[in-house]
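Novice: Here it is, the structure in full.
The values are calculated or read from the model by the stated rules, or taken from the named source; none is laboratory data. Here the structure is a predicted model, which means the values were calculated and not measured. Virtual Cβ from ideal backbone geometry, glycine too; neighbours counted across all protein chains shown.
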Amino acid sequence: MACAENPRTGKATAFSLRPTWRLTHRPQKGTDNKVAKYVTLYRWTDEGIRNVKGSPTRVKAGIQKAEAMGIKVLGTYYMHGEYDFVIIADVPDDKAGTALALAQAAQGTARSTTMRAYDLAEFEAIVKMMP
């Protein structure tokens with residue numbers, strides 16, 4: 001636990017420094033129930049780079065597994081730089097997203113960072129909620 005000053009009250013507030021990776025989107029009652037968009041950045045492990053030629057086959061298999069779980073993969077891109085590839089997907093619920101992330105991690109060929117992404121309209125709604 002760590003402490004920081006709450007800018008509203010001026011009092012010290014405790015918070016956790018422990019990272020979390022849980023997917024958190026749940027449509028609210030009365031909304032259009034849009035699925036959440038997620039961006040997942042991947043880095044190959046030592047095993048993944050040793051078997052890099054098999055990466056396209058593994059990614060295609062992963063896309064098929066995702067689609068069977070109701071996840072719609074919108075794009076897959078291999079990249080230069082800090083991350084090796086990225087996948088952008090519409091994820092229907094926390095359980096499907098978490099199950100897929102765990103299955104991918106269990107393969108041992110890549111480590112990932114998953115982030116919730118908001119389109120402009122969603123972000124405008126979020127900003128309007130600010131006090």
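Novice: Within the stretch 72-96, how many residues turn out to be within 18 Å of S55 (Cβ to Cβ), of a type outside the set (D, E) and surrounded by 12 or more Cβ atoms within 10 Å (Cβ to Cβ)? Show your work before the answer.
Specialist: Just the residues of the stretch 72-96 that are within 18 Å of S55 (Cβ to Cβ), to begin with: 73, 75-89.
Subsequent filtering for residues that are of a type outside the set (D, E) retains 73, 75-81, 83, 85-89.
Subset that is surrounded by 12 or more Cβ atoms within 10 Å (Cβ to Cβ): 73, 76, 78, 83, 85-89.
Final tally of qualifying residues: 9.
Novice: So which strands (runs of 3 or more DSSP E) stay within the stretch 50-131 end to end and still have 1 or more residues that are without any contact (Cβ under 8 Å) to a residue 40 or more places away in the chain and farther than 15 Å from K34 by Cα?
Specialist: 72-78
Novice: Another question, then. Using the structure shown, decide if R116 is farther than 17 Å from I71 by Cα and touching a strand residue (DSSP E or B) at 6+ places or on another chain (Cβ under 7 Å).
Specialist: no
Novice: Scan the stretch 86-99 for residues that are within 17 Å of G75 (Cβ to Cβ) and modelled with pLDDT of 90 or more and jot them down.
Specialist: V86, I87, I88, A89, D90, V91
Novice: Hey, another quick one. Take the residues in the stretch 29-71 that are surrounded by fewer than 17 Cβ atoms within 10 Å (Cβ to Cβ) and polar (S, T, N, Q), then tell me which one is nearest to R111 (Cα to Cα).
Specialist: If we take residues in the stretch 29-71 being surrounded by fewer than 17 Cβ atoms within 10 Å (Cβ to Cβ) and polar (S, T, N, Q), then T45 is nearest to R111 (Cα to Cα).
Novice: Being surrounded by 18 or more Cβ atoms within 10 Å (Cβ to Cβ) and out of contact with any Phe, Trp or Tyr (no Cβ under 7 Å at 6 or more places or on another chain) is the filter here, so list the residues in the stretch 97-106 that pass it.
Specialist: Those that are surrounded by 18 or more Cβ atoms within 10 Å (Cβ to Cβ) and out of contact with any Phe, Trp or Tyr (no Cβ under 7 Å at 6 or more places or on another chain): L100, A101, Q104.
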